[in-house]
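Structure, as structure tokens:
The values are calculated or read from the model by the stated rules, or taken from the named source; none is laboratory data. None of the values given here were measured: they were computed from a predicted structure. Every residue, glycine as well, gets a Cβ built from its backbone with ideal geometry; the counts of neighbours run over all protein chains shown. These accessible areas exclude ligands, DNA and RNA; they are computed on the full protein's heavy atoms, side chains included. Shrake-Rupley method; radii C 1.70, N 1.55, O 1.52, S 1.80 Å.
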Amino acid sequence: MFTRSILFAAVAMLMLGAAANVAPPVAAPVPSIAAYHLAPGDKLRITVFGEERLSGEYSLTPAGNVAFPLIGLVQADGKSVEEVQALITARLAAGYVNDPRVSAEVITFRPYYILGEVTRPGAFPFAVGLTLDQAVASAGGFTYRANHRRAFLRRAGDPKEHMVDLRAGTVAIAPGDTIRIGERYF
């Protein structure tokens, strides 16, 4: 009986010590789609009014460029859609098209990634308004060993992973995010 209480006290102290070393759950900041910055994997629809041969769908290259007819490579990585639109307009106006009117929109966002204790880990297409719960559902749901209380989220461009409490509410997912579902211990 005495050894059982010592064992119980030791396990409780280990659990408390482990909990003290873990950072509290942090809600990773949610990037706005309005302030979205392009990156490789995104696909744009670019329309040049009155120039059907220039209008079309363009993917960002692995280097973050858009290969556009007449003007060549346009650096788009890290820029907003409006900035890319202005770059293309300015370069077309420099001797290629009289008074170019250009519009651009993202038609396919880069994927998000989900790893760990889900049925089908991997890359999945992003949709505006995607939540962490929906991302887990897209991956086939939790495995029987999954921790249903917390997940780890690393935003695109952020080197650190943030712990997210799944019971605290809705967590928005952004393009390029990586979600890791850990294993439960008990």
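Which residue is farthest from Y113 (Cα to Cα), if the candidates are limited to region 124-154 and must be without any contact (Cβ under 8 Å) to a residue 40 or more places away in the chain and open to solvent by less than 20 Å² (accessible area, probe 1.4 Å)? The qualifying residue farthest from Y113 (Cα to Cα) is A146.
Every residue, every condition in (1) within 30 Å of E51 (Cβ to Cβ); (2) of a type outside the set (G, A, S), yes or no:
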| site | (1), (2) |
| --- | --- |
| D99 | yes, yes |
| P121 | no, yes |
| V128 | yes, yes |
| G140 | no, no |
| A146 | no, no |
| D158 | no, yes |
| E161 | no, yes |
| V171 | no, yes |
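Residues that are among the charged types (D, E, K, R) and closer than 13 Å to Y113 by Cβ were ranked within region 155-171; the one that is most open to solvent (accessible area, probe 1.4 Å) is E161.
Being in contact (Cβ under 8 Å) with a residue 60 or more places away in the chain and not aromatic (F, W, Y) is the filter here, so list the residues in region 111-123 that pass it. Please lay out each step first, then the result.
If we filter region 111-123 for residues that are in contact (Cβ under 8 Å) with a residue 60 or more places away in the chain, which is where we start, we get 111-118.
Hits for region 111-123 are P111, I114, L115, G116, E117, V118.
Look at region 37-52: where a residue is farther than 16 Å from A93 by Cα and a partner is of a type in the set (D, E, K, R) and open to solvent by less than 40 Å² (accessible area, probe 1.4 Å), sitting 6+ places away or on another chain with Cβ atoms under 8 Å, you get A39/R110; P40/R110; G41/R110; D42/R110.
Only residues that are closer than 21 Å to G141 by Cβ and in a strand (DSSP E or B) were counted in region 155-167, giving 3.
Inspection of region 119-133 finds no residue satisfying the criterion of being of a type in the set (S, T, Y) and in contact with a Phe, Trp or Tyr (Cβ under 7 Å, 6 or more places away or on another chain). Being exposed (fewer than 12 other Cβ atoms within 10 Å of the Cβ) and outside any loop (DSSP other than H, G, I, E, B) is a condition met by at least one residue of region 90-105. Checked against (1) in contact with a Lys or Arg (Cβ under 9 Å, 6 or more places away or on another chain); (2) of a type outside the set (S, T, Y); (3) not in a helix (DSSP H, G or I), L73 passes all but a single condition, namely (1). Here T108 clears all of (1) without any contact (Cβ under 8 Å) to a residue 24 or more places away in the chain; (2) open to solvent by 40 Å² or more (accessible area, probe 1.4 Å) except the condition numbered (1). Annotation: F68 fulfils all but one of (1) more than 20 Å from the chain's Cα centre (by Cα); (2) surrounded by fewer than 16 Cβ atoms within 10 Å (Cβ to Cβ); the unmet one is (2).
For F152, are the conditions met, namely being in a loop (DSSP other than H, G, I, E, B), under 18 Å from T170 (Cβ atoms) and touching a strand residue (DSSP E or B) at 6+ places or on another chain (Cβ under 6 Å)?
Numbers: in a loop (DSSP other than H, G, I, E, B): no; under 18 Å from T170 (Cβ atoms): yes; touching a strand residue (DSSP E or B) at 6+ places or on another chain (Cβ under 6 Å): yes.
Against the criterion (in a loop (DSSP other than H, G, I, E, B), under 18 Å from T170 (Cβ atoms) and touching a strand residue (DSSP E or B) at 6+ places or on another chain (Cβ under 6 Å)), F152 does not qualify.
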